[in-house]
Amino acid sequence: MKKTKTLGMVLMLGAALLLGACGSGSGSSSSGGADKTVANKDKPVVWYNRQPSNSTDGKLDMAALTFNKDTYYVGFDANQGAKVQGEMIKSYIEKNIATVDRNGDGTIGYVLAIGDVGHNDSIARTRGVRAALGTAVKKGGNVDSTPTGMNSDGKSKVVKDGSLSVGGKTYKIRELASQEMKNNSGATWDAATAGNTIGTWSSSLGKQIDIVASNNDGMGMAMFNAWSKENKVPTFGYDANSDAVAAIAEGYGGTISQHADVQAYLTLRVLRNALDGVKKGTGIDTKDSAGNVLAKDTYVYNEKQRSYYAMNVAVTADNYKDFTDSTKIYADASHQLDKSKSPEKKVWLDIYNSSDNFLGSTYQPLLKKYAKLMNLNVEFIGGDGQTESNITNRLGNPSEYDAFAINMVKTDNGSSYTSILKQ
Ligand code: BGC
C-alpha cells in the first residue's frame, strides 16, 4: 500500500515536472520566446507599487519614469487613499463615541504603525491619519510624517493633540505612540515587528489606547491578532487583504481597497499594449476587441508623470461583504485576449519582498490570473525586502524577456535596473 502510494507520487511529480518544462519550454523557444530583434533598452518597462522617487523628499525620478517611450508606473492615488483612511477612522470615532473612549478620560488615544519612513505611500498614510484626526503638525509646507516614538505625555514636536466635538462634548485626540515597523535585518512594513510592538505599547499605555491605526493590513492584522481583537480595540489598516476584510466581522475597524484588481490589470496591460503596438489606452479607457475596459472612476492617468493611479475605497462594516475575495479580477477586464493578435510574450517581474502580505496574498494571485488572460508568460522573482542586488542579479540576462515589471526595494534605485537594460 505504502509502496503504491510512493510510486504514484513519483509519477505525479514526474508529470508535473514535465508539464512545467513544457510550459516554460514553449515560452522561451517558439512564439513565447523573447524577440531578439528588439534591444533591451527599447523593451516595455512598468514600475509598479513603488514609484521611482527620492526616498527623502518624495520627488519623482523622471529619468526612470521616462526610461523609454513604453515606460509607465502603476500604483494608486496615495493622497486620495490616505484621506479616505483618515476620514474612515474619524467617522468611526464619531459614530461609536459611546464605546471608543475606553477609560472615559475624555482623550481618544491612538497608536500608529508606520510601514517605511522613506516610502511615499507610507508617508501619505501617516499624514492622512494625522490630518483627519487633527494631530498634524506642518513642516516645510507638508504634514510632518516623522514617527513620534512614545508620546503618552503629548510633548512630541512632530504631532500635536487634536480635538473632536461629538454630541456636544469635546474630546482630545492624542497620538500616543508611532514607530516604523522595521525588523533587525532591515525589512520594512514588518508585520511581526508590529505584533511585538503592540505588546510593548499596550503594557505601558493600557486603556489609554482607544484606536489602533496602521499603514497597512499586514501590520494591522498582526496587532489585531496579538492584542486588539481580545481587548476589543478597533484597528484600521490599508489594502483590503482577504484576511483583514474577514476580520471586520470580528471587530477589525476597517481597511482601504487600493483597487489591486485594477492595478494588477494595468501592470500587465501597459506591457501588453506596448508589445502589441496598439494605442496605449486599449482595454483601459477604450474597449479592446475582447471587450475589456476599465470604468473611468477606478483610476486616473497622469501623462506628465507617465503614471496610472488606481482609486481607493473605504471598506468598513457597512460594505465589507462586497470585498471578501481580494484576488477576484475586475469583471469588465476578465476577457481572454486572442493569441493571434496578442501572441505569448515573456515578462520578467519581481516582487521586492516575497513575504509582503499585500503583494503576496493579493497582488500576485491577481497578476497570475491576468497573465493567463493576456497570454503573458510571467517569471516571478521574489526578493528579501532588503537587498536590491538580490533582485537585480536575477536580471542577468534581459535578452531572455520581452518586457519588465519592476517593484524596487528602495524607490531611489530605478537606475540599478535601467542601467542593466541599457548595457
Ligand atoms: C501596501 C503595503 C505593502 C507595500 C509594498 C503598499 O501599497 O499597502 O501593504 O507592504 O505596498 O510596497
Flagged pairs (Cβ under 8 angstrom, 6 or more apart or on separate chains; first in the range 100-119, open to solvent by 10 Å² or more (accessible area, probe 1.4 Å) and modelled with pLDDT of 95 or more; second in a loop (DSSP other than H, G, I, E, B) and of a type in the set (A, V, I, L, M)) are ARG102/VAL233
Looking at the range 62-111, which of the residues that are part of a loop (DSSP other than H, G, I, E, B) and under 20 Å from ALA403 (Cα atoms) is farthest from the ligand (Cβ to nearest atom)? LYS69
(1) closer than 23 Å to PHE323 by Cβ; (2) open to solvent by 10 Å² or more (accessible area, probe 1.4 Å); (3) aromatic (Phe, Trp, Tyr): which one isn't true of TYR252, the others all being true? (2)
Can you tell me which residue within the range 120-147, out of those that are among the basic types (Lys, Arg) and over 26 Å from the mean Cα position of the chain (by Cα), is surrounded by the most Cβ atoms within 10 Å (Cβ to Cβ)? LYS139
Working only within the range 271-295, note down all residues that are more than 13 Å from ALA333 (Cα to Cα), open to solvent by 10 Å² or more (accessible area, probe 1.4 Å) and not small (Gly, Ala, Ser). LEU275, ASP276, VAL278, LYS279, LYS280
Need pairs with beta-carbon distance below 6 Å; first residue farther than 15 Å from ASP239 by Cβ and within the range 355-376, second open to solvent by 20 Å² or more (accessible area, probe 1.4 Å) and away from the ligand (no atom under 15 Å from the Cβ); sequence gap 6+ or separate chains. LYS369/ILE329; ALA371/VAL378; LEU373/GLN336; ASN375/LYS339; ASN375/GLU344; LEU376/LYS345
Single residue of the range 402-423 satisfying the filter (in a loop (DSSP other than H, G, I, E, B) and open to solvent by less than 20 Å² (accessible area, probe 1.4 Å)) that is nearest to the ligand (Cβ to nearest atom): ASN407
As an exercise: evaluate ALA260 against (1) away from the ligand (no atom under 16 Å from the Cβ); (2) surrounded by 23 or more Cβ atoms within 10 Å (Cβ to Cβ) and give the number of the one condition it does not meet. (1)
From ALA222, ALA246, residue being assigned to a helix (DSSP H, G or I), more than 16 Å from the ligand (Cβ to nearest atom) and within 22 Å of the chain's Cα centre (by Cα): ALA246
So which residues in the range 70-92 are surrounded by fewer than 19 Cβ atoms within 10 Å (Cβ to Cβ) and of a type in the set (Gly, Ala, Ser)? SER91
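The values are calculated or read from the model by the stated rules, or taken from the named source; none is laboratory data. The model shown is predicted, which means the values in this text are computed figures rather than measured ones. No Cβ is skipped: glycine too gets one built from the backbone with ideal geometry, and neighbour counts run over all protein chains shown. Protein only, heavy atoms only, side chains kept; ligands, DNA and RNA dropped before computing areas. Shrake-Rupley method; radii C 1.70, N 1.55, O 1.52, S 1.80 Å.
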